[in-house]
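The values are calculated or read from the model by the stated rules, or taken from the named source; none is laboratory data. Quantities reported herein were computed from a predicted structural model and do not represent experimental measurements. No Cβ is skipped: glycine too gets one built from the backbone with ideal geometry, and neighbour counts run over all protein chains shown. Areas reflect the complete protein model, heavy atoms only, side chains present, ligands, DNA and RNA absent. Shrake-Rupley method; radii C 1.70, N 1.55, O 1.52, S 1.80 Å.
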Amino acid sequence: MKNTALITGASSGIGKELAKIHASKGRDLILVARRKELLQALKEELVKKYNVEVQVIQKDLSVVGSSQELYDEVVQNGWEVEYLFNNAGFGGKGAFLDRELEADVVMVRLNVMALLKLTHLFGKDMKARGKGKILQTASTAGFLPGPYQNTYFATKAFVVSHTKGLAHELKGTGVTVTALCPGPVATEFAQVAGFGGSQMFDGAASAQKTAQKAYAAMEKGKTIFISELKFALLIRVLMPFMPLSITSAIIAKMQQS
Ligand SMILES: NC(=O)c1ccc[n+]([C@@H]2O[C@H](COP(=O)([O-])OP(=O)(O)OC[C@H]3O[C@@H](n4cnc5c(N)ncnc54)[C@H](OP(=O)(O)O)[C@@H]3O)[C@@H](O)[C@H]2O)c1
């Protein structure tokens, strides 16, 4: 395999679009998610259209030990991962104390622990080779207080913070790490998180455009990439001057809309 990307959450949404962009450049892929039939269908499409090599690995990355299993399978097959797209993730609506704690624990295992483990395992190999790119799908949620989707926002704050520090540590190694921070994107995310029909996703960005911008930002080696200008302005210019109580009230209203 050559110029291989491993993409978690490649069966739909942003991950699927990232896979298409990568393949369109003649680069090979390892597609990871739980729904094997969707990964298989994407593989067939990409092989036919771009004549690239695509491997499919079915894995529930919220299960303890699954990231290590994934890494071991990749290494045993002799596949070298040059691009790591840590993209799988999900959210969940509701007041923290009213939600089933287990659902939030599973969310932390996927959005934080799997990402952390995969970055550690593949990042070490990239550093040893002096070459590699890591794209972590965070969110604008990573900069904000998150009433009524609290654990999700906190997982993304982790990704933003971890990426900032890691990017500095990786300077001069040939490896870069980028956090993609989108606002609402039209994918399966809203349905999965319990936001079906929510106004928050009216006018959401397309997964295709988001992935295109993210891929370009990763290739440039940007550390933090907010994929829409209006959210970049909100977070970088306006928000630092807003009292926490007001920001929290706005977010709470959006999450309940
Ligand atoms: N859509 C938005 O508004 C938005 C905004 C900001 C950030 N994000 C982030 O973008 C990333 C991609 O989400 P998306 O919007 O593209 O939503 P999506 O269409 O729901 O895609 C989520 C992907 O994650 C995979 N996944 C979920 N649970 C998994 C598990 N336990 N193990 C392995 N894979 C799992 C899903 O595949 P299977 O179900 O087949 O496993 C799917 O491929 C997520 O990290 C999300 O937090 C989304």
Taking only the alpha-carbon positions of region 1-88 as identical scatterers, the Debye log10 I(q)/I(0) at q = 0.12, 0.24 Å⁻¹ comes out as -0.29, -1.23
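Tell me the relative contact order for region 4-256 as a rounded percent, counting alpha carbon contacts under 8 Å between residues six or more apart.
Numbers: 458 pairs, mean separation 49.0, N = 253.
For region 4-256, the relative contact order is 19 percent.
Assigning unit charges at the beta carbon (Lys, Arg +1; Asp, Glu -1) and nothing else, what dipole magnitude in debye, to the nearest 20, does region 10-49 show about its Cα centre? Please list the in-between numbers first.
Working: 10 positive and 5 negative charges, 5 e Å.
Dipole of region 10-49, to the nearest 20 debye: 20 debye.
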Just how large is the dipole of the chain about the Cα centre, in debye to the nearest 20, putting +1 at every Lys and Arg Cβ and -1 at every Asp and Glu Cβ? 780
I'd like to check one number: the per residue accessible area of region 104-191, probe 1.4 Å, reported in Å² as a whole number. 39
Highest mean packing first, using Cβ neighbours within 10 angstrom, the peptides 50-59, 139-148 sort as 139-148, 50-59
Once amide H atoms are built 1.01 Å from N in the peptide plane, which residues 5 or more positions from Ala179, or in another chain, come under 5 Å H to H? Gln136, Ile224, Phe225
Quote to one decimal, in nm, the extra length available between Ser245 and Ile21 on full extension: 0.36 nm per residue of separation minus the C-alpha distance between them. 76.6 nm
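Based on the inverse mean of 1/r over its pairs of different Cα atoms, what is the Kirkwood hydrodynamic radius of the chain, in Å?
On the way: mean 1/r = 0.0541 Å⁻¹.
It is 18.5 Å.
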Alpha-carbon spread of region 216-257, three principal axes, descending order, Å: 37, 24, 14
By the scheme Lys and Arg +1, Asp and Glu -1, what is the net charge of all other residues having a beta-carbon under 14 Å from that of Ser24? +2
Spin-label point model (7 Å from Cα, Cβ direction): what's the Gln68 to Glu100 distance in nm? 2.7
Please report, in whole Å, how far the alpha carbons of region 30-129 spread along each principal axis, starting with the longest. 49, 33, 17
Using θ = phi - 60° and Karplus 6.51 cos²θ - 1.76 cosθ + 1.60, couplings along region 242-253 (whole Hz; Gly, Pro as x): 8, x, 3, 4, 6, 4, 4, 5, 5, 5, 4, 5
What would the Debye formula give as log10 I(q)/I(0) at q = 0.11, 0.23, 0.24 Å⁻¹ for the alpha-carbon point model of region 71-176, no solvent? -0.39, -1.17, -1.24
Sorted by packing (mean other beta-carbon atoms within 10 Å per residue), highest first, where do 228-234, 14-20 land? 14-20, 228-234
